[in-house]
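To keep things clear, I will list the structure first and then write my remarks on it.
Laboratory data are not the source of any read-out in this text; all were calculated from the coordinates shown. All figures in this text were calculated on a predicted structure; none of them were measured in a lab. Ideal geometry is used to build each Cβ from the backbone, glycine not excepted, and the neighbour counts take in all protein chains shown.
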Amino acid sequence: MKNKSHDTLTDLIDRSISDKELEHIDCYLRPQMGLFIPAESACGYPLIIAGKRPSYMILISFSGSASDEFHYNAEIMSPYIAGKAEGKYHYYCLTIAADFFEKRYTLYSSEVPVFRAFRFEICSDILKALNTFAFESGKSMMNSDITLNAQSEIITHWIIRSVLGETMDMRAISDDYSVAKAQHYMELHYGSNITVSVLARLGSMSESTFNRRFKKETGKTPIEYLIEVRINHAKIMLRRKNLPITEIALRCGFNSSAHFASCFQQRTGHTPREYRSLYME
């Protein structure tokens, strides 16, 4: 186990956890946050610490967990509630000290619920942030205490926003201002009738030029991207609001529930109803 100190682990796992139990784990630690990654073989690390963990645990499994190219399924457990990663090798296990997590959660909500393997989606940007956290933790870089504390704050807020369905996928923001302006417009007006001509006018260019630049920057046509934006907003509504699926379809800019269901299943592998049952507590 790398970078382990039982003094550092006190608020993350119980002191009774032995080195032997964690010998196949790479561990990257701050007092408020720990990142645990299987290093050599499959192990049941989340089960080992389940009854001895005073912290919140976020489990990101890579065994068939990707919901699309840029999003992954995750689960969050409250302190002392078990995880489910027995026998799995490819996963990240993130633990966040209870006081640290709860103080930040109450900036978003009046109370912190009890999470019993609550499922949610994260974007690939959080994984990039975790990898940066691991890299800098392992290298003992100059002033790393400052940067690692800052990264702990960012990661925790991104996790909370993701749990609440309010995550933002930063990889989508283009360096091309005209494309970024169109992306921002779609995020604000996804429920309206948006056409390529409207988007092209935002950047003062022809439709053909806009289509070419947008596809080059994002890898998608403007309409493909718009449908993705609408689907992402529909996911939030399916999780957080008790609205009829037909109403969600219309609010998200689809002209019928059938078209919405077809687009949704094509991109998520689930019908809207199935998705709601998976992610609603």
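Tabulated results
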quantity	calculated
Unit charges at the beta carbon, dipole of segment 173-279: most positive-side option, 223, 195, 252	252
Order of 256, 162 under a 10 Å beta carbon neighbour criterion, fewest first	256, 162
Fewest-first ranking of 36, 210, using other Cβ atoms within 10 Å as the exposure measure	210, 36
Taking 118, 264 and counting other C-beta atoms within 10 Å, the order from fewest to most	118, 264
Sites residue 198 and residue 161, calculated FRET efficiency, Cβ-Cβ separation with R0 25 Å, nearest 0.05	0.30
Efficiency of FRET from Cβ geometry, residue 108 and residue 267, R₀ 35 Å, rounded to 0.05	0.80
Amide proton proximity set for residue 91, modelled H, under 5 Å, gap of 5+	62
Using a Förster distance of 22 Å, the FRET efficiency for residue 184-residue 206 (Cβ separation, nearest 0.05)	0.60
Theoretical gain in end-to-end length, residue 149 to residue 62 [0.36 nm per residue, Cα-Cα removed]	28.7 nm
